[in-house]
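Chemist: I am attaching a structure below and will ask some questions about it afterwards.
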Amino acid sequence: MKQRVSLAIAPRYLIDWQRQPLKCVEPESRAKANTMQFDLLQFLRMMPVSTIFIMFVAIALAVISIWATQRFTDMDKMKADMEEINAWRERFSQARKTMDPIELQQVMDDQGRIMRLQSSMMTDRCKPMCVYYIPFLVVFYLLNLLYGNSIVAIVPFNIHDVLPFLGGWIGSPVVGGFGLSYYGYYFLVGLGLGNIIRRPFGLSMTT
């Protein structure tokens, strides 16, 4: 004979569990989250938002590059080595002009040490580059997913008239100027604005 458990003597948590309604994720909340995500992506694709957004991305990567260089490179030692290398090059050039055998011999004796300094400087420069290129590749992959070949910025002159081979590579002619793709605009901002940001830290490409 089967025994039936009475609700009067059943544990209270069983009664509460039976009375509690089942909860489920509402489809409306998921649809609302997807809509908000889609709206944000559409917002970032619009000009001038895309122009400003990529400019800030370039600034952020430049700051990471500066931090990595100062963190993993002895800048004082690198400057001293560069001055010594430049001084040796001037001596070498002068010795070749004058063809002084004593000066030529002294320059050739120092050549091995100068080559070791150049190799050491190249190694020191590669350390921050390894740190910098990881976020650089990730950011470029995400920008490619977001923008593809679409126009993100417009310069007020037609580059295609002066450099026609750039058409289709970094952008395309549009009404009012030349439209830049995300990679063309990024490199334009990175070479210009990024160089200005690095200059106070002695990391300018021109110095």
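The values are calculated or read from the model by the stated rules, or taken from the named source; none is laboratory data. Note that this is a predicted model, so its numbers are computed, not measured. Cβ sites come from the backbone with ideal geometry, for glycine too, and all protein chains shown count toward neighbours.
Chemist: Hey, could you check segment 137-163 for residues that are assigned to a helix (DSSP H, G or I) and touching a Gly at 6+ places or on another chain (Cβ under 9 Å) and say which is modelled with the highest pLDDT? Step through it out loud before you land on a result.
Modeler: Of all residues in segment 137-163, those assigned to a helix (DSSP H, G or I) come to 137-147, 159-162.
If we keep only those that are touching a Gly at 6+ places or on another chain (Cβ under 9 Å) as well, we get 159-160.
Details: Ile159: 72, His160: 67.
Residue satisfying both the conditions and the ranking: Ile159.
Chemist: Continuing with this model, one more query. Hey, does segment 1-15 have a residue that's loosely packed, with under 12 Cβ neighbours inside 10 Å, hydroxyl-bearing (Ser, Thr, Tyr) and at pLDDT below 65?
Modeler: Checked against the condition, which is being loosely packed, with under 12 Cβ neighbours inside 10 Å, hydroxyl-bearing (Ser, Thr, Tyr) and at pLDDT below 65, segment 1-15 yields at least one hit.
Chemist: Residues to consider are Met129, Met108, Met115; find the one that is out of contact with any Gly (no Cβ under 7 Å at 6 or more places or on another chain), at pLDDT below 85 and in a helix (DSSP H, G or I).
Modeler: None of the others qualify; the one that does is Met129.
Chemist: For segment 55-75, which positions are in a helix (DSSP H, G or I), more than 10 Å from the chain's Cα centre (by Cα) and not aromatic (Phe, Trp, Tyr)?
Modeler: Met55, Ile66, Ala68, Thr69, Gln70, Arg71, Met75
Chemist: Additional query: In segment 120-145, how many residues are surrounded by 13 or more Cβ atoms within 10 Å (Cβ to Cβ), over 18 Å from Leu61 (Cα atoms) and of a type in the set (A, V, I, L, M)?
Modeler: Result for segment 120-145: 1.
Chemist: Just to be sure before I move on: is Ser150 polar (S, T, N, Q), closer than 22 Å to Met46 by Cβ and touching a residue at least 24 places away in the same chain (Cβ under 8 Å) in the structure I sent?
Modeler: Judged against the criteria, Ser150 is a match.
Chemist: Moving on to the next point. Which one of these does Ser181 not meet: (1) touching a residue at least 12 places away in the same chain (Cβ under 8 Å); (2) under 30 Å from Phe72 (Cα atoms)?
Modeler: Of everything listed in (1) touching a residue at least 12 places away in the same chain (Cβ under 8 Å); (2) under 30 Å from Phe72 (Cα atoms), Ser181 misses just condition (2).
Chemist: Still on this structure, I have one more. Which residue pairs have Cβ atoms closer than 6 Å, lie 6 or more positions apart in sequence or on different chains, and pair a first residue in segment 39-50 that is among the small types (Gly, Ala, Ser) with a second residue that is surrounded by 11 or more Cβ atoms within 10 Å (Cβ to Cβ)?
Modeler: Sorted first by the residue in segment 39-50, then by its partner, the pairs are Ser50/Val152.
Chemist: So, one more: So, in segment 90-112, how many residues would count as being surrounded by fewer than 12 Cβ atoms within 10 Å (Cβ to Cβ), within 41 Å of the chain's Cα centre (by Cα) and charged (D, E, K, R)?
Modeler: 1
Chemist: Could you tell me which residue of segment 66-86 is farthest from Ile151 (Cα to Cα), considering only residues that are surrounded by 15 or more Cβ atoms within 10 Å (Cβ to Cβ), of a type outside the set (Val, Ile, Thr) and out of contact with any Leu (no Cβ under 8 Å at 6 or more places or on another chain)?
Modeler: Met78
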